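Asks: What follows is a single structure, and I will ask about it in a moment.
Any read-out appearing in this document is the output of simple, stated calculations on the displayed coordinates, not a laboratory observation. Model, not experiment: these values are computed from the prediction. Quick reminder, even Gly has a Cβ in these numbers, built from the backbone with ideal geometry, and neighbours come from all protein chains shown.
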Amino acid sequence: MHGVEVADTSCVLCGHAVESTDHLFAQCPFTMECWRVLNVQAATDQEPGMHNWLFAHMEALSGSLNSSSYLKSQSRFPLQEQFLHRKNSKDNLDRFIPNRSAMDLDYAHYMLTQGRKGGKENPTATVNSPSREAYRKQLAEALNLNRTRILAFKNKPPTPVELIPQDHLSSSLHYQAKPAKPRRYIPQTSERTLDAPDLVDDFYLNLLDWGSKNVLAIALENTVYLWDASNGSTSELVTVGDEDGPVTSVNWAPDGLHLAIGLNNSNVQLWDSASCKQLRALRGCHRSRVGSMAWNNHILTTGGMDGKIINNDVRIRSHIVETYRGHQQEVCGLKWSASGQQLASGGNDNIIHIWDRSVASSNSATQWFHRLEEHTSAVKALAWCPFQGNLLASGGGGGDRSIKFWNTHTGACLNSIDTGSQVCALLWNKNERELLSSHGFTQNQLVLWKYPSMLKMAELTGHTSRVLYMAQSPDGCTVATAAGDETLRFWNVFGVPEVAKKAAPKANPEPFSRFNRIR
């Protein structure tokens, strides 16, 4: 073949033997990989054109192989866009003579035998030779690169180690969220119903009261009955004659043993409930019936149809110690504040008066501290807030139908809510910021309000006539109501004693309560 001598007709890398020089590259299974490293000895001096012939032969051979593989690939993907590879004329250079000293034979052998095993499974993986992999591991250990990553985007961070256990953390940390309080269940029906025959249906009277000894007093026309809530027993305390009756008001003393009874003939009687004996009678206070009463320690305050309010010291013979004049019509509501310094009175003249003992005088009629004229109907329902000493709630009659809240220090009206019906009585919850109101026509219902938002929490029905009177148990959980339908009902509207708070929030003491005057 033009005087070419082939000294070795086997592949240098793979050792595959070939039969002749004409088929040197075609018969080697690694033709395209190994042709550059074949040991071909040619008599270039005798035949200078040998080089050109050899590479032309290889180029033709490789072209034929590439064209066949290209046609096969085209037959598999007929809809693919065709791109023909065109060689640049500048690429047709002389043969490439490799430098074996710069070659990595270990890497080349690894690539030919093991490197392509990843294939489709991991086409983007970086392939390293065993020597390089060993070098990488040794370098990582030297540089401390084998530690766990601090930040990870795919895996969750490791659980932190609690240096201080939760059991030892102070409970006074304000940033800890409080557990949600379970919503209290409010029964929609009364727990117990008792008959109350001959109950006087009069908006201006106060015929029901619950004492601190857990005994309920109710006046049914001329007779006063006592119902012991601890055992459910009922007893008759007193029956007055027709010339003195009917009974127009009842009110327990703070000790829960002595009961004040107001009569239609303007007299007031004091009774010992334990011995069922009358202790004394207070006469000369009013000229007509006594429809409202309120205790303040040993002072019994009475309000009459004559519009007068009298403070009676029951310890002394001359019991009248103070007289308040301000109402032009019957006084139907009386309530002392928790501190005993302020008295709220409501009348049929649509007026509320706030009386302050620090400016009271026994020598003349006392001037009121505040005169509140926003109501447009009789004001009987009055209730002092148990957690804010200067907050008073009041309810208007059928022509007003509103509940109003007052700051008794300034006389300002803080809020007013239209209830849609006559407000007969008001009671604060001693354990929560809630207010209960009883109503008349048309639904004769009880409504539980959330303070200060005044959202309705519950609406209780059962009475068939206006709910005129309400009283609260000593533990503050049960409410008794009496209505014109001659029934006495008991409601667990404020919760049950087992889940009630240990102590109700105390009312804020009024400033300078120990001083009579501020100079």
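Asks: State the Cα centre-to-centre distance between the range 372-397 and the range 420-491 in whole Å.
Replies: A separation of 15 Å, based on Cα centres.
Asks: Here is a further query. What GluC sites (Glu not before Pro) in the range 370-466 are in a loop by DSSP, with at most 15 other Cβ atoms within 10 Å of the Cβ?
Replies: Working: sites: E373, E374, E432, E434, E459; in loops: E373, E374, E432.
For GluC sites (Glu not before Pro) across the range 370-466 that sit outside H, G, I, E and B with at most 15 neighbouring Cβ atoms in 10 Å, the list reads E373.
Asks: Now for a separate question. Name the long-range amide H neighbours of N222: under 5 Å, sequence gap of 5 or more, or other chain; modelled H, no Pro or chain starts.
Replies: Hits under the 5 Å cutoff: V247.
Asks: Using the Karplus curve 6.51 cos²θ - 1.76 cosθ + 1.60 with θ = phi - 60°, work out ³J(HN,Hα) for each residue of the range 225-236 in order, rounded to whole Hz, and write x for Gly and Pro.
Replies: 10, 10, 10, 7, 6, 6, 10, x, 7, 10, 9, 9
Asks: Same structure again: Quick check of the Kirkwood formula: for the range 179-272, what is the inverse mean of 1/r over all pairs of different Cα atoms, in Å? Mind dumping the intermediate values first?
Replies: Values: mean 1/r = 0.0680 Å⁻¹.
Evaluated on the range 179-272, it is 14.7 Å.
Asks: To continue, here is another question. So which of K404/K430; K277/K404; K213/K456 end up more than 30 Å apart by C-alpha?
Replies: Details: K404/K430 19 Å; K277/K404 41 Å; K213/K456 32 Å.
K277/K404; K213/K456, as the Cα separations exceed 30 Å there.
Asks: Given a cut-off of under 8 Å on Cα pairs at least six residues apart, what relative contact order in percent is computed for the range 186-234? List each step's numbers first, then the result.
Replies: Details: 47 pairs, mean separation 12.0, N = 49.
Computed over the range 186-234, the figure is 25 percent.
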